[in-house]
1. Just give me the residues in segment 54-72 being open to solvent by 20 Å² or more (accessible area, probe 1.4 Å) and either on the phi < 0 side of the Ramachandran plot or touching a strand residue (DSSP E or B) at 6+ places or on another chain (Cβ under 8 Å) (or both), in sequence order.
2. What number of residues in segment 173-220 are without any contact (Cβ under 8 Å) to a residue 40 or more places away in the chain and not in a helix (DSSP H, G or I)?
3. In segment 163-191, which residue that is among the hydrophobic types (A, V, I, L, M, F, W, C) and over 25 Å from Y57 (Cβ atoms) is least open to solvent (accessible area, probe 1.4 Å)?
4. Which of the residues belonging to segment 37-54 are out of contact with any helix residue (DSSP H, G or I) (no Cβ under 7 Å at 6 or more places or on another chain) and either assigned to a strand (DSSP E or B) or basic (K, R) (or both)?
5. Just give me the residues in segment 110-132 being more than 24 Å from the chain's Cα centre (by Cα) and in a helix (DSSP H, G or I), in sequence order.
6. Go over the candidates I219, I110 one by one and state the one that is modelled with pLDDT of 90 or more, out of contact with any strand residue (DSSP E or B) (no Cβ under 7 Å at 6 or more places or on another chain) and hydrophobic (A, V, I, L, M, F, W, C).
7. Looking at (1) open to solvent by 20 Å² or more (accessible area, probe 1.4 Å); (2) out of contact with any Lys or Arg (no Cβ under 8 Å at 6 or more places or on another chain); (3) modelled with pLDDT under 90, which one does T10 not meet, given that it meets all the others?
8. Of all residues in segment 84-114, which are farther than 21 Å from V47 by Cβ and either touching a helix residue (DSSP H, G or I) at 6+ places or on another chain (Cβ under 6 Å) or in contact (Cβ under 8 Å) with a residue 12 or more places away in the chain (or both)?
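The values are calculated or read from the model by the stated rules, or taken from the named source; none is laboratory data. If you're wondering where the values come from, they're calculated on a predicted model, not measured in any experiment. Reconstructed Cβ throughout: ideal geometry from the backbone, glycine too, with neighbour counts over all protein chains shown. Surface accessibility is based on the protein's heavy atoms, side chains included, excluding ligands, DNA and RNA. Shrake-Rupley method; radii C 1.70, N 1.55, O 1.52, S 1.80 Å.
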Amino acid sequence: MTATKGFLSTASAALIDILEGLSTEIRMTRGQVLFEAGDPGDALFAVTEGALEISVYSEDGRKLTLDIMRAGSILGEITLFDPGPRTATATALEPTVLRRVRHCDVLSEITKTPELAIDLIHLAGKRMRYMNRQLNEQVFLPVPLRLARKILYLTQSDDPAKLKDHGMSLRLSQAELAEFVGATREAVSKTLSNWKKDGVVEASRGGLTVLDRPALELIAEPEFI
């Protein structure tokens, strides 16, 4: 499990070594479903290459994208403590490589090294806090703030030069962005059109490019309302 970005960045070296030793590789093609909501959950996954979309569906079939997980992200860590049905669907957005660690194997290691459980609890806590923030934003923040925050999140980079020079691109359609922020495509289109006029983004049918990241960061602040 060579990637140590995202949620794994704060894991101890011992935990990463254990997960590496227990894991098996899974390769996915674009559009392939890793698991669906309701499927039995008995393993943790770490993304080493590519991207996974995590989504849920309403009773009338509307999709809400909860997250897009890239290299260094982990998912399914709650099943290590409480195996049960998956609460969302995970789909590969592009060719993706994962490492899978089964619940029973991790428990076996924890009985030998109990302090590893503390690391896992910390990782699970980070995930819960993140999901709570997402829920609060979805309920309480207006569309422009939610959209700005999602675009900033999805165009993060470990290369400071890229962020300084702006030009970070996102390959998501306006309909896909609408699914991500829980808004209508029309509302997203109108917001992007306004930002385009102000020189904040360059939007097209297939995606967008951030032209003025500081301006977008300002829009993402609650004080901007």
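1. Passing the criteria: I54, V56, Y57, S58, E59, D60, R62, K63, L64, L66, R70, A71.
2. Here the count works out to 11.
3. Among residues in segment 163-191 that are among the hydrophobic types (A, V, I, L, M, F, W, C) and over 25 Å from Y57 (Cβ atoms), the one least open to solvent (accessible area, probe 1.4 Å) is M168.
4. P40, F45, V47, T48, E49, L52, E53, I54
5. I110, T111, K112, L116
6. Just one listed residue meets the conditions, I219.
7. Unmet for T10, out of (1) open to solvent by 20 Å² or more (accessible area, probe 1.4 Å); (2) out of contact with any Lys or Arg (no Cβ under 8 Å at 6 or more places or on another chain); (3) modelled with pLDDT under 90: (2).
8. G84, P85, C104, L107, E109, I110, T113
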